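Take a look at the structure below.
The values are calculated or read from the model by the stated rules, or taken from the named source; none is laboratory data. None of the values given here were measured: they were computed from a predicted structure. Glycine gets a Cβ as well: all are built from the backbone with ideal geometry, and neighbour counts include every protein chain shown. Heavy atoms of the whole protein, side chains included, go into the accessibility calculation; ligands, DNA and RNA do not. Shrake-Rupley method; radii C 1.70, N 1.55, O 1.52, S 1.80 Å.
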Amino acid sequence: MNIVSGPKGEAVQPRVFVHSSDPIKRAGIIALLGASREVTLLEDADRADADVLVLAESVVTEAQLNVIRKMRAEFEREAPLPCLLVTDQFDENDILSAVQSGVVGVLPSVYATQKGLTTAVMMAANGSALLPRPLQTALLRQLHDLRREVLEPNGLTLSGLGLREIDALRLVSEGFRTDEIASKMVCSEGTVKNLLYGAIKRLGLANRTHAVAYAIRSGALA
């Protein structure tokens with residue numbers, strides 16, 4: 001989520017809600033962020049208005065990731081809520097699950113100074129990721145395994161588009177009509193229409209042009 005702007009375009013401080021099962025750890029994070037003039041801390045009653053969720057736990061496992069999922073679900077908002085983890089221990093095998101849960105940053109507790117926390121929160125609010133290098137490597141490895149072992153055998157891609165859907169959209173982007181696409185793909189016009197309609201409906205897109213734009217943004221089309 002980007003930092004919103006005020007009436008004259010000035011930057012508005014991102015609103016932050018801090019959560020932890022350890023009240024002492026939570027109080028420490030709040031004290032550090034509270035000393036910063038760059039963020040606004042929210043009370044529990046206002047947490048649904050948060051721009052960034054900070055989850056501070058000594059150890060982060062699937063149980064803590066479930067806490068994030070439940071909190072994001074209860075907010076019932078269209079824009080996703082980015083989460084920053086502040087932790088002493090995080091299993092790199094959980095990084096893909098964490099990202100899918102809304103985690104955009106993992107800050108080791110040793111770096112949780114006022115400056116470190118503020119910088120991490122501002123990055124999360126602006127849509128930037130903050131992952132230690134080992135976690136970046138683990139994430140890329142898990143995405144590669146997911147693509148090779150699950151998606152590709154089923155004709156799917158990380159973009160959410162099927163391989164045949166991508167082929168059809170590539171031809172749409174090149175200006176071909178439905179009958180021409182069918183000829184090039186060696187299928188019926190009905191099949192082409194079903195491929196395009198299926199992708200558009202499944203991804204909540206408006207039309208073919210929107211679908212092509214989505215495919216380009218997601219990297220499915222170069």
Among the candidates R47, R37, single out the residue that is under 16 Å from A125 (Cβ atoms), open to solvent by 10 Å² or more (accessible area, probe 1.4 Å) and in a loop (DSSP other than H, G, I, E, B). R37
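When you scan segment 129-148, do you find a residue that is more than 30 Å from L85 (Cβ to Cβ) and either touching a residue at least 12 places away in the same chain (Cβ under 8 Å) or over 17 Å from the mean Cα position of the chain (by Cα) (or both), even just one?
No, segment 129-148 contains no residue that is more than 30 Å from L85 (Cβ to Cβ) and either touching a residue at least 12 places away in the same chain (Cβ under 8 Å) or over 17 Å from the mean Cα position of the chain (by Cα) (or both).
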Of all the helices (runs of 4 or more DSSP H) wholly in segment 115-222, which have at least 2 residues that are closer than 24 Å to L96 by Cα and open to solvent by 70 Å² or more (accessible area, probe 1.4 Å)? 133-146, 208-217
Residues of segment 67-86 satisfying the condition of being crowded, with 19+ Cβ neighbours inside 10 Å and without any contact (Cβ under 8 Å) to a residue 40 or more places away in the chain: I68, L85
The listed residue being closer than 21 Å to P23 by Cβ and touching a Leu at 6+ places or on another chain (Cβ under 7 Å), out of V86, V103: V86
Selected residue (criterion: least open to solvent (accessible area, probe 1.4 Å)) from residues of segment 19-34 that are part of a loop (DSSP other than H, G, I, E, B) and not charged (D, E, K, R): S20
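Only one residue in Q64, Q100 is open to solvent by 70 Å² or more (accessible area, probe 1.4 Å) and out of contact with any helix residue (DSSP H, G or I) (no Cβ under 8 Å at 6 or more places or on another chain), so which one is that? I'd like the intermediate steps shown before the answer.
On the way: Q64 fails: open to solvent by 70 Å² or more (accessible area, probe 1.4 Å).
Result of the check over Q64, Q100: Q100.
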